[in-house]
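A.B. asks: Please read through the structure below; I'll follow up with questions.
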Amino acid sequence: MSKPIIKVENLSKAYQIGQIGSRTLSKDVERFWQTKILGKEDPFLKIGETNNRSIKGTSNIVWSLKDINFEINQGDAVGIIGKNGAGKSTLLKLLSRVTSPTTGQIKVKGRIASLLEVGTGFHPELSGRENIYLNGAILGMRKKEITRKLDEIIDFSGVERYIDTPVKRYSSGMYVRLAFAVAAHLESEILIVDEVLAVGDAEFQKKCLGKMGDISKSEGRTVLFVSHNMAAVQNLCNKGIVLQNGMNHFQGAADKAIQEYLKNSADITSLADYKGRSGTGIVKIINAKIYGENQFVEPQVGQPLHIELELYNPSKIDSSQIRLDLKIDDNLGQRFLWLSNYLFEKQTVNNVTKMIFKIDKLILNQGGYYISTDLYVDYKRADWLQSAIYFEVIDGDFYKTGRNIPVEESKIYLDFDVDFYNK
Amino acid sequence: MKDNQEEQNWDLIIKGHSSLFDLNFSDLWRYRDLLVMFVKRDFVSFYKQTVLGPLWFFIQPIFTTIVFSFVFGNLAGISTDGLPSYLFYLTGITSWAYFSDCLTKTSTVFRDNANIFGKVYFPRLIMPLSIVVSNLVRFGVQLLLMICMMAYFYIFPIAGTSFHITLGLFLFPILVLLMALLGLGLGLIITAMTTKYRDLTFLVTFGVQLLMYGTTVIYPLSYAREKGYGNIAELNPMTGIIEAFRYAFLGKGEFTAASLGYSTVVTLIILFFGVIIFNKTEKNFVDTI
């Protein structure tokens, strides 16, 4: 059963950054001469440099992945997690053969079907049915295979009525459902899924996750899943791989991997260079730090939560002039909380540079949340940021009973009590 | 021992550097259904999007033929080898259009499909192959037009001109194949190079147009010989193909086994290099485009 189905050995991928287009023929000829004829190493690659986007490298080659090694067994559902730029997407691209590694190799048993994007190659003029065939063929299915599964696919997608309508008339939800349905019915030993589930409504997301769970658990196929959604990874995966700066940081059981990832991702959002803001800019939010009980603890259901905001305040404005509203939405855009200092009378502080919102007991259920901030100075909007701050809440014991509210049932917890009576 | 056995069990090994000749044709064969799908898609989408639909297929060659007859036949007075000038030009234009369509459309394959190539793997060669096959539909329609014109001129002959179909018609499938493969081969080379050197794209449309004047589309080879440019025209592998094409349908043209043989050899060489360069480029072009 537990035979390796994918084996990744010393896998590295280098990207050239900067002006690729200006590569000249002479440089190419030099490279060719050095590597192919003289058998030397590529003079334009510097070995040993890591991929850290915040530090400017000395060469214009960046290692997006560096010496990755792992094995995946048949039937595993593996979550690949890591911050943006950790190399997750590159790894997926290599696995799905969209691009090839710089060094190292990947050995695979069976067919790989990859779903880096939903609906690749869909043609708007073709009907849903025709697109199932086209998309299926692009994903590597034979025609007769698709014909055999056609009813199942249409059924899963739930767009039966419109199956002979050109997909350009579909709503975006129908489009995504149809596309996922095709991919989910691929008969491949390995299924690679990028964060495509971020689209579609909640119900369909659940259906997708359920289908992926089926694929790995009952059908014994292998699933590789890349996501920022720790709850989904936890639900779906039994193994986890944490990537950090293009290197293999941790691999093991899924929950351990999630812990490891969270430990490393102190939720600090730097907003100093954030572009999508509006307002006068007299006072600006330049950093947001979100943590639980103290700075080393992740936000957890039923535990304290701190939202610490660092302000850029060159005009030395004092706190009585400032009003800051925080709006907290979940990752489907549903508003859950609204916090503001406007609700309280507080002693005036001169030259404010930091605000901390304290929540004693977090009532948000596990999952990802976005904070939009709206900052006013003397009733004029100074700084407005739409969903710029992201944080994740991990599961916790709100009622101290070891029993939790399923996240599908409610996104919020409430302190309450219940009693029995007999007159 | 166990390790050894496992080593052999891998179905697929993804590596950075593979040999130039690692062409993997079996993969291509496995995806043959995809080729059919792409052709179907091209046809349906073309048919659905335009008001006049396939009528466009006729309009272009008819007008080009009229203009050519007027400019080169009437004004410049270039001989048409004793063939009705409309037929002479139409045969040239029909065959040239197929070749140049194959060439120009395949020459932008990487750029046009960067999005889909960046998301999913399938043998990239499927895409240019599907273009060549799709263009066959258009070619077929234009061929029909040509045959209609031939019928017309057969019934209402123009004085002093004559034409007849020859046994060369049996070569027709080979001629089409040669045009397709030559266009494909050149297109593959160009598309592979344009991923790195963008400026080549500008050259293509322009170059194809110029190349037409170096082919016997608007003048017969005999006329070029008379003027002393015969050798230059003969260097062009398309010349042999078009001459044979014209010979097959109209009975005139400098068709020799040697010229066709030359065209075949050049086509195969170009195709060979095209496939190799394309294959080499497809692995990493996503990173550079």
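Every number in this text was worked out from the coordinates using simple rules, so none of it is lab data. Owing to the predicted nature of the structure, the values given are computational and were not obtained by experimental measurement. So basically every Cβ, Gly included, is an ideal-geometry build from the backbone, and we count neighbours across all protein chains shown.
A.B. asks: To the nearest 500 deg cm²/dmol, what mean residue ellipticity at 222 nm is calculated for chain B from DSSP H runs of n ≥ 4 alone, each contributing -39,500 (n - 2.57), summed and divided by the residues? Write out the running numbers ahead of the final one.
C.D. replies: Numbers: 15 runs with 199 residues, N = 289.
Only helices count here, giving -22000 deg cm²/dmol.
A.B. asks: In Å, what is the Rg of the alpha-carbon atoms in segment A:268-393, and how long is Dmax?
C.D. replies: Final numbers for Rg and Dmax: 14.1, 39 Å.
A.B. asks: Normalise the Cα radius of gyration of segment B:18-149 by 2.2 N^0.38 Å (N = residues in it) and let me know the number. Intermediate results must be reported in sequence, preceding the final value.
C.D. replies: Details: Rg = 18.8 Å, N = 132, 2.2 N^0.38 = 14.1 Å.
My calculation over the Cα atoms of segment B:18-149 gives 1.33.
A.B. asks: What do you get for the angle between helix B:257-282 and the principal long axis of chain B? Use alpha-carbon atoms, 0 to 90 degrees, nearest ten.
C.D. replies: 30 degrees
A.B. asks: In terms of the ratio Rg/(2.2 N^0.38 Å) built on C-alpha atoms, what value belongs to segment A:72-264?
C.D. replies: Details: Rg = 16.8 Å, N = 193, 2.2 N^0.38 = 16.3 Å.
That works out to 1.03 for segment A:72-264.
A.B. asks: So, one more: Under the Karplus relation 6.51 cos²θ - 1.76 cosθ + 1.60, θ = phi - 60°, what is the ordered set of whole-Hz ³J(HN,Hα) values for segment A:158-173, x standing for Gly and Pro?
C.D. replies: Per residue, the Karplus-derived 3J(HN,Hα) values read x, 10, 2, 4, 10, 5, 9, 9, x, 5, 5, 8, 6, 6, 5, x Hz.
A.B. asks: If the reach is capped at under 14 angstrom between alpha carbons, list the aspartates and glutamates near A:LYS289, excluding any in the same chain fewer than eight residues apart.
C.D. replies: A:ASP267, A:GLU298, A:GLU308, A:GLU310, A:GLU392
A.B. asks: Given the pairs A:LYS109/A:LYS211; A:LYS83/B:LYS119; A:LYS168/B:LYS105; A:LYS93/A:LYS143; A:LYS107/A:LYS168; A:LYS168/A:LYS327, which are separated by over 31 angstrom at their Cα positions? Don't skip to the end; give the middle numbers.
C.D. replies: Working: A:LYS109/A:LYS211 22 Å; A:LYS83/B:LYS119 21 Å; A:LYS168/B:LYS105 25 Å; A:LYS93/A:LYS143 25 Å; A:LYS107/A:LYS168 39 Å; A:LYS168/A:LYS327 35 Å.
Flagged as over cut-off: A:LYS107/A:LYS168; A:LYS168/A:LYS327.
A.B. asks: When A:TYR379, A:TYR421, A:TYR274 are ordered from fewest to most other Cβ atoms inside 10 Å of their Cβ, what list results? Walk me through the intermediate numbers first.
C.D. replies: On the way: A:TYR379 7, A:TYR421 4, A:TYR274 15.
Listed from fewest to most nearby Cβ atoms, that is A:TYR421, A:TYR379, A:TYR274.
A.B. asks: Which residue, chosen from B:LEU144, A:PRO101, A:PHE156, occupies the Cα position most advanced towards the positive end of the dipole of the protein assembly as shown, where the dipole is computed from +1 (Lys, Arg) and -1 (Asp, Glu) charges on Cβ about the Cα centre?
C.D. replies: Value: B:LEU144.
A.B. asks: Rank these for me by crowding, A:ARG323, B:ARG124, B:ARG111, going from fewest to most other beta carbons within 10 Å.
C.D. replies: Ranked by crowding around the Cβ, least crowded first: B:ARG111, A:ARG323, B:ARG124.
A.B. asks: Please give the average number of partner chain Cβ atoms lying within 10 Å of the Cβ of each residue in A:94-107, rounded to a whole number.
C.D. replies: Partner Cβ neighbours, averaged per residue: 6.
A.B. asks: Can you tell me, using C-alpha contacts under 8 Å and at least 6 residues apart, the relative contact order of chain B as a whole percent? The partial results should precede the final answer.
C.D. replies: On the way: 327 pairs, mean separation 74.6, N = 289.
So the answer I get is 26 percent.
A.B. asks: Right, something else. To the nearest 20 Debye, how big is the dipole of the protein assembly as shown about its Cα centre, given +1 on the beta carbon of each Lys and Arg and -1 on that of each Asp and Glu? Walk me through the numbers on the way to the answer.
C.D. replies: On the way: 75 positive and 69 negative charges, 205 e Å.
The dipole of the protein assembly as shown has a size of about 980 debye.
A.B. asks: Rank by packing, highest mean first: peptides A:365-373, B:179-187, with packing defined as the count of other Cβ atoms within 10 Å averaged across residues.
C.D. replies: Answer by packing, highest mean first, reads B:179-187, A:365-373.
A.B. asks: List B:HIS164, A:HIS306 from most exposed to least, where exposure is judged by having the fewest other Cβ atoms within 10 Å.
C.D. replies: Numbers: B:HIS164 10, A:HIS306 17.
Result, fewest neighbours first: B:HIS164, A:HIS306.
A.B. asks: Sort out for me the Cα centre separation of segment A:333-357 from segment A:116-145, rounded to whole Å.
C.D. replies: Comparing the Cα centres of segment A:333-357 and segment A:116-145, I get a distance of 51 Å.
A.B. asks: Hey, what's the Kirkwood Rh for the protein assembly as shown if you take every pair of different alpha carbons, in angstrom?
C.D. replies: On the way: mean 1/r = 0.0331 Å⁻¹.
Here the Kirkwood hydrodynamic radius works out to 30.2 Å.
A.B. asks: Go through A:GLY87, A:GLY220, A:VAL233 and say which Cα lies farthest out towards the positive end of the charge dipole of segment A:72-264; charges sit on Cβ, +1 for Lys and Arg, -1 for Asp and Glu.
C.D. replies: Result: A:GLY87, furthest along the dipole toward the positive end.
A.B. asks: Suppose we look only past 27 Å in the calculated P(r) of segment B:51-288. What percent of the Cα-Cα pairs does that tail hold? Walk me through the numbers on the way to the answer.
C.D. replies: Working: 10354 of 28203 pairs.
Looking at segment B:51-288, the distances longer than 27 Å represent 37 percent of pairs.
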